[in-house]
1. Please give the helix 3-17 orientation as an angle from the longest Cα principal axis of the chain, in degrees from 0 to 90, rounded to the nearest 10.
2. Between ASN139 and residues 5 or more places away or on another chain, which pairs have amide H atoms under 5 Å apart, with H built 1.01 Å from N, and which residues are they?
3. Just want the answer: with Cβ charges of +1 for Lys and Arg and -1 for Asp and Glu, which residue in PHE127, VAL141, MET208 is farthest toward the dipole's positive end in the stretch 111-252?
4. Answer with one residue from GLN15, ILE49, THR35: the one whose Cα lies farthest towards the positive end of the charge dipole of the stretch 3-63, charges on Cβ with Lys, Arg +1 and Asp, Glu -1.
5. In whole Hz, what ³J(HN,Hα) sequence does the stretch 90-106 give by Karplus (6.51, -1.76, 1.60; θ = phi - 60°), x for Gly and Pro?
6. More than 23 Å apart: what percent of Cα pairs in the chain qualify?
7. How much net charge surrounds HIS44 when only other residues with a Cβ under 11 Å from its Cβ are counted (Lys, Arg +1; Asp, Glu -1)?
8. For the chain, what relative contact order do you get, as a whole percent, if you take Cα pairs closer than 8 Å and at least 6 residues apart?
Amino acid sequence: MHERERHRIILSAVQEKSVVTVQDISELTEASEATIRRDIAALHVQGKIRRVRGGAEAVHPPQLGNLAGRPFRVSESVNSDKKRAIARAAVDLCDPGDAIIINGGTTTFQMVHFMAAHRMQVMTNSFAIAEHLVKHSKNTVTVPGGVIYREQSLILSPFDNDAIRNFYARRFFIGAQGVGPLGIMEADAQIIQSEQKLMHQADELIVMVDSSKFHRRSSLILCPLDRVTTVITDEGVSDEAVRMIEDAGVKLVVASMVSQAREDSSSVA
């Protein structure tokens, strides 16, 4: 990843969380911790952030009321090739005319690139997904009422009597902060509340996670693994993670990076 892109990610991360660690940024950018320390030092000299022990903090702390977790624009470029392959496999599960729910996230967002020719009924709480589908597809799009969280591009409602309870879907597609033996993990209680409302409105729960998510943990559990119908991941998934998913009786789909690379090449040609 180019230095300019790493700097953009660091600046976005500190504006969201106020303080970030070297390890956090190293995972985000897949750069060494030594490289990240140099980046932080450079941004500190420029007055854009403050260097602190083990990480960096914002010069101007973020406003209160933000959700936990990474901003959409930070996560979008992380493992993007894997996310695109996973999204392609997810859309392959859909049939013409299906009613589906797509939760907000950078992995689920990649589905929009494979939905242009579809005519499905789509409920989404993602402002970014809704906007793209309205502009570039013939799908019917429904969004719930609520507050727009700009950083995560999410629409979340605290009310029970919103559009969600009037929409019933065949499948609900979600991403996750992590996947472990205890279940599907998220970073924010508000996001979990929204996802649990949506889960009640679909027959199947499809979890879309790149292989790095099997090594991440969070303190909040959305649901146990046996509540999941299908997990879609990439070819980097470990044997241990495969056994965990299969032992829970969950279907596993491994998205082919080779097929996705060929499709991308042909579209460029």
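1. 80
2. Hits under the 5 Å cutoff: MET120.
3. Positive-most Cα among the choices belongs to VAL141.
4. ILE49
5. 5, 5, 4, 6, 8, 10, x, x, 4, 9, 9, 10, 10, 7, x, x, 7
6. Details: 19534 of 36046 pairs.
In whole percent, the share of Cα-Cα pairs in the chain beyond 23 Å is 54.
7. On the way: positive: ARG37, ARG38, LYS48, ARG50, ARG51; negative: ASP39, GLU57.
That sum, taken over residues with Cβ under 11 Å, equals +3.
8. Numbers: 521 pairs, mean separation 39.1, N = 269.
It comes to 15 percent, rounded to a whole number.
Since every read-out is calculated from the coordinates, none of them should be taken as a lab result. Please read all numbers here as calculations on a predicted model, not as lab measurements. Heads up, the Cβs are rebuilt from the backbone with ideal geometry, glycines too, and the neighbour counts pull from every protein chain shown.
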